[in-house]
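Okay, structure first, notes after.
The values are calculated or read from the model by the stated rules, or taken from the named source; none is laboratory data. Being a predicted model, the structure only gives us computed values, none of them experimental. Note that each Cβ is placed from the backbone with ideal geometry, even for glycine, and that neighbours are counted across all protein chains shown. For the accessible areas, the whole protein counts, side chains as well, though only heavy atoms, and no ligand, DNA or RNA atoms are used. Shrake-Rupley method; radii C 1.70, N 1.55, O 1.52, S 1.80 Å.
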Amino acid sequence: MEVLLVGNTDFITKQWIQHAFPRDHVVIAEREGTVDGNDRLRIVNMSDANTLAETLTTYEFDRIVFTYPENDDVSDTSKSLMSRALEELCLYYARTYRLEAKIIRCPYLYAPERNGVTAYFGRLFEQASAGSISFCEREQQQTCFLCADDLAELIYRMFDDWTAESEIFHVPNVFDFTYGDLADAISAAFPGLSVTFGEDRPQHYPADDHVLRLRYGWSPRYSLKQDLPPVLQRWKEARAQE
């Protein structure tokens with residue numbers, strides 16, 4: 001099958017594609033730092049509407065995977081509103097053209113195999129290297145991050161057991177890891193780091209409805225608490241080579 005990946009693709013690696021789409025041909029919209037192409041992976045620059053239309057016509061995609069929003073600021077409520085509007089647009093398009101849309105509402109992504117470098121963590125590590133970091137969130141606020149490898153496994157299972165209906169799924173946030181814990185983990189890698197927390201209103205992620213576990217036998221396996229130290233170390237090593 002032909003698969004198009006578009007949107008926030010910073011976290012994607014060849015290993016991720018092999019995991020999520022082991023038997024498919026994949027086309028990915030070009031972004032800075034995107035993985036190199038090969039016989040099963042094509043990189044296409046879709047910077048304008050004409051190129052997008054031409055690409056959609058040329059490849060006749062069986063599946064389109066769109067990831068949004070980018071990992072810019074996890075407290076930015078405007079992105080949540082835009083995400084909901086995009087969901088409604090996808091569902092309307094699916095009803096109009098008799099397609100099936102599967103929407104996954106998930107925590108923000110981090111990517112261990114890309115040195116953790118998504119926009120949010122890349123900026124956070126740069127600030128830490130300069131001596132201080134500042135969170136908008138309270139110290140006791142639960143973090144809300146999902147490993148990209150877990151997302152790849154979920155996508156694989158959903159496509160492997162596809163149903164002809166449009167649905168919305170919630171990825172559970174199953175790990176107890178606060179912004180205070182996140183600050184402690186980063187401080188361990190940057191001695192003398194100054195950390196401040198904000199007074200944002202506490203955010204509550206939806207409780208686990210067990211649908212993904214019961215339907216696909218899936219739940220998150222990788223914890224940011226365990227992954228962050230090696231991710232930070234790889235980021236430091238990559239930065240030293242620049």
Long-range Cα-Cα pairs in the stretch 178-242 (distance over 13 Å), rounded percent: 76
Accessible carbon and sulfur surface of the stretch 76-196 relative to its total accessible area, %, 1.4 Å: 51
Total charge dipole magnitude, the stretch 152-228, about the Cα centre, Cβ charges on Lys, Arg, Asp, Glu only, Debye to nearest 20: 120
DSSP beta bridges in the chain [antiparallel fraction, %, rounded to 5]: 5
Where labels lie 7 Å past Cα in the beta-carbon direction, separation of H210 and F61 in nm: 3.5
Total charge dipole magnitude, the stretch 85-242, about the Cα centre, Cβ charges on Lys, Arg, Asp, Glu only, Debye to nearest 20: 180
Equivalent-ellipsoid semi-axes of the chain, from the Cα gyration tensor, Å, largest first: 31, 22, 17
Summed residue charge, Cβ within 10 Å of V171's Cβ, Lys/Arg positive, Asp/Glu negative: -1
Dimensionless Rg/Rh of the stretch 100-170 - Kirkwood Rh, Rg from C-alpha atoms: 1.11
